[in-house]
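The structure appears right after this line, and notes come after that.
The values are calculated or read from the model by the stated rules, or taken from the named source; none is laboratory data. Everything numeric here is computed off the predicted structure, so don't read it as measured data. Positions of Cβ are generated from backbone atoms using ideal geometry, with glycine treated the same way; all protein chains shown enter the neighbour counts.
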Amino acid sequence: MADRIFLSLACIPYMLSSAYAFYAFGAKRFSRTHLNLGLMMTGFALHTFFLYLRAVSIHHCPLTNPFEMIVFLSWAIVLNYLLLGPTMRVSLLGAFSAPLVLVINLIALLIPALDYPTHYASAGWGVEMHAGLSVLAYGTLGIATVAAVMFLVANYYLKMRFLPPILSRLPPVGKLDVVCQRVTVLGFSLLTVGMIVGFATIPTGFHIIKVGFLVLVWIAYCGILIGKFMAKISPVRFAYGCVGIYLFVLITFWGIHLHAVPQHL
Amino acid sequence: MNLFCLGTDFNTSEVTRREKLAYTGEQVPAVLKAVSEALGPSEVVLLSTCNRTEFYVATSRTAVDSSTLLKTYLKESRQLDFDLDGETYFHEGAACVAHLFAVASGLRSMVVGETEIFGQTKEAYGKASLAGHTGKFLNKLFQFSFAAAKEARTHSGIGRGSVSVASVAIDLAEQIFGSLKEVKAMVLGAGETGERVARTLADKGVAKVMVSNRTYEKAEELAKTLSGVAIRWEEWEKFLIEADVVIASTAAPHFILYQKHLQELMPRRSFRPIFLIDLAIPRDIEPTAAVLDSVYLYDVDDLQSIASQHLAERQQEIENCKTLLKVHEQRYADWYERAVQHGKTGFGNLPSSSEAVG
């Protein structure tokens with residue numbers, strides 16, 4: 001569809017932001033976070049415009065095929081970054097989020113099979129809300145994963161007793177652990193609400209693989225959060241847990257939905 | 001108008017002689033007045049720190065004549081029993097400009113890239129200006145030097161990274177905890193370096209300092225100076241759960257804190273990060289404790305190595321910094337030329353370079 005051009009255009013600022021992040025690491029300098037923020041906002045505007053055009057053309061929330069779902073997911077990650085990054089004063093989050101968003105969008109664009117037309121018949125507000133909340137939750141959990149990666153990078157350098165200039169641009173490890181935990185709780189809450197809405201409103205014929213996937217992800221996040229709150233697992237293990245679960249989501253998300261019947265969100 | 005600088009620093013003079021040429025802040029106005037009188041109509045700025053004493057002069061006399069007069073004044077007023085020629089350096093014209101810019105940027109400091117000299121230079125200029133001993137040549141020269149130093153600091157790595165054990169420890173603590181306002185520190189032993197680190201931490205406004213030593217009276221004494229609390233040696237392990245930063249510098253011949261202790265402690269602390277600074281020789285903390293999650297253990301060699309690495313990085317930035325300063329030196333030279341032509345004073349161009357020591 002012609003709207004894909006705007007998603008391709010959105011990839012340009014995301015790519016520049018990623019390139020800048022890699023340059024900053026290589027050059028041991030990181031002073032222009034406002035440049036990064038500007039790039040992310042430009043990408044987000046184009047990304048949003050793509051979703052708007054798609055919604056207009058299909059007359060539905062753009063969550064009707066795997067392509068739309070993963071693009072919506074990457075949009076939710078950027079939205080969360082823009083909302084949570086400044087609030088939690090983790091300005092460097094954008095530099096870490098950009099490559100993740102870029103990869104997700106490139107995968108969506110480069111696999112045409114994901115973007116097939118569907119004869120989508122709305123199953124009601126509950127299903128749409130379930131889908132929207134779930135993808136938003138994955139976006140939030142994506143940001144938690146980015147914070148977890150930042151934590152692991154900072155922790156690695158501190159453990160290695162090596163202080164490259166980039167370390168001073170990262171937030172303190174203690175703060176990153178707190179941010180990672182809080183954002184995971186937020187994402188997990190959204191996932192839980194989305195799941196409850198889904199179970200409460202989907203009338204018949206839900207897809208067993210999708211439900212199984214959702215429950216599995218929910219249990220995994222629930223497990224690491226309980227472990228964290230009960231001080232059974234350390235911040236490092238929690239961060240690895242966040243990264244591991246989210247990688248599993250990223251790897252399996254599109255496949256699960258590719259096999260699912262479109263009507264059954 | 002001729003510009004020159006006559007000075008002494010840690011490279012040219014030993015402290016026993018340098019201290020005889022040093023001036024306190026209160027003495028500066030009188031010295032500036034006396035030098036102006038000795039040299040005739042001139043602009044003078046005196047920069048006097050623990051590492052250097054320098055006179056910056058703009059005068060209508062020749063620089064060499066003026067420096068000779070200045071040396072005579074110094075020798076008489078300070079009653080020096082040594083010859084100044086071997087203890088001082090003399091920079092004239094463009095070399096004087098380059099020297100001031102390098103000084104203000106911290107390139108000529110004992111610890112390359114340190115920032116204190118910038119403030120000291122500003123203060124020296126402020127005093128001279130206030131007392132009416134500066135005119136358009138030195139005003140412009142110092143204003144250019146501040147701009148040059150700022151740019152050098154911003155666009156080069158000359159000031160990057162801490163270069164002392166105490167400041168590296170503080171940087172690390174901030175990298176782990178962020179603000180230190182809610183951090184609780186524990187000092188074990190009363191070693192000199194440990195005390196210095198603890199004092200720097202206390203200056204940063206940590207929430208609480210606990211001090212423990214085998215001799216309780218010593219702990220009390222140190223705790224008092226740090227506005228902290230003393231803990232009996234038998235009890236420090238009980239208070240470890242509270243501490244975020246532990247500075248160990250005891251004279252114990254064996255470890256006092258083992259990996260297994262910390263392994264038990266960390267879940268009870270909800271894996272809150274703990275920063276262990278082991279400054280003791282032999283070491284106080286079992287090195288394998290570093291493998292534990294949320295435990296950040298640094299010994300004195302680690303801190304020293306980071307400080308040395310930063311210092312080496314600063315040294316590598318000197319050339320980069322000099323290139324940045326060259327642009328400002330040229331700008332001042334251009335301004336100087338225009339000022340001289342405009343004033344039709346006939347004193348000619350800023351000498352391109354003339355430098356001599358002694």
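Brief remarks follow.
- Those residues of region A:150-163 which are surrounded by 17 or more Cβ atoms within 10 Å (Cβ to Cβ) and more than 10 Å from chain B (Cβ to nearest Cβ), in sequence order: A:MET150, A:PHE151, A:LEU152, A:VAL153
- Failed item in (1) within 11 Å of chain A (Cβ to nearest Cβ); (2) modelled with pLDDT of 95 or more, with B:GLU313 passing the rest: (2)
- Candidate set from region B:226-241 (those that are surrounded by 14 or more Cβ atoms within 10 Å (Cβ to Cβ) and under 35 Å from the mean Cα position of the chain (by Cα)); member that is farthest from B:MET186 (Cα to Cα): B:LEU226
- Qualifying residue in region A:118-125 (condition: modelled with pLDDT under 80, of a type in the set (S, T, N, Q) and in a helix (DSSP H, G or I)): no
- Every residue from region B:42-59 that is in a loop (DSSP other than H, G, I, E, B) and at pLDDT 90 or above: B:THR49
- Residue among A:LEU141, A:LEU225, A:LEU133 that is farther than 19 Å from A:PHE238 by Cα and either in contact (Cβ under 8 Å) with a residue 40 or more places away in the chain or away from every other protein chain (no Cβ under 14 Å) (or both): A:LEU133
- For the condition without any contact (Cβ under 8 Å) to a residue 24 or more places away in the chain and of a type in the set (S, T, N, Q), B:SER179 qualifies.
- Counted residues, region A:208-242 - those being out of contact with any Phe, Trp or Tyr (no Cβ under 9 Å at 6 or more places or on another chain) and crowded, with 18+ Cβ neighbours inside 10 Å: 2
- Search result, residues across region B:24-48 that are of a type in the set (Ser, Thr, Tyr) and within 18 Å of B:SER67 (Cβ to Cβ): B:SER36, B:SER42, B:SER48
- Residue in region B:152-168 that is in contact (Cβ under 8 Å) with a residue 12 or more places away in the chain, in a helix (DSSP H, G or I), crowded, with 18+ Cβ neighbours inside 10 Å and in contact with a strand residue (DSSP E or B) (Cβ under 7 Å, 6 or more places away or on another chain) present: no
- The residues in region A:1-21 that are in contact with an Asp or Glu (Cβ under 9 Å, 6 or more places away or on another chain) and assigned to a loop (DSSP other than H, G, I, E, B) can be counted, and the count is 1.
- Matching residues in region B:156-194 - criterion: being within 30 Å of B:THR323 (Cβ to Cβ), within 10 Å of another protein chain (Cβ to nearest Cβ) and not β-branched (Val, Ile, Thr): B:GLY157, B:ARG160, B:GLY161, B:SER162, B:ASP171
- Yes/no for B:ALA223 being modelled with pLDDT of 95 or more, away from chain A (no Cβ under 12 Å) and under 31 Å from the mean Cα position of the chain (by Cα): no
- Total residues in region B:285-310, condition farther than 30 Å from B:GLY157 by Cβ, within 12 Å of chain A (Cβ to nearest Cβ) and surrounded by fewer than 18 Cβ atoms within 10 Å (Cβ to Cβ): 3
- Flag for B:THR121 being in contact (Cβ under 8 Å) with a residue 12 or more places away in the chain, among the β-branched types (Val, Ile, Thr) and part of a helix (DSSP H, G or I): yes
- Across region B:242-278, the number of residues qualifying as in contact with a Gly (Cβ under 6 Å, 6 or more places away or on another chain) and either within 14 Å of chain A (Cβ to nearest Cβ) or hydroxyl-bearing (Ser, Thr, Tyr) (or both) comes to 3.
- Selection count where residues are of a type outside the set (Phe, Trp, Tyr), away from every other protein chain (no Cβ under 14 Å) and either surrounded by 15 or more Cβ atoms within 10 Å (Cβ to Cβ) or not in a loop (DSSP other than H, G, I, E, B) (or both), scope region A:164-205: 19
- Qualifying residue in region B:80-95 (condition: assigned to a loop (DSSP other than H, G, I, E, B) and polar (S, T, N, Q)): yes
- Consider region B:1-41 and keep the residues that are among the β-branched types (Val, Ile, Thr) and not in a helix (DSSP H, G or I). The one that is farthest from B:GLU76 (Cα to Cα) is B:THR12.
- Residue match in region B:9-32 (condition: touching a His at 6+ places or on another chain (Cβ under 7 Å) and either closer than 15 Å to B:TYR125 by Cβ or at pLDDT 95 or above (or both)): yes
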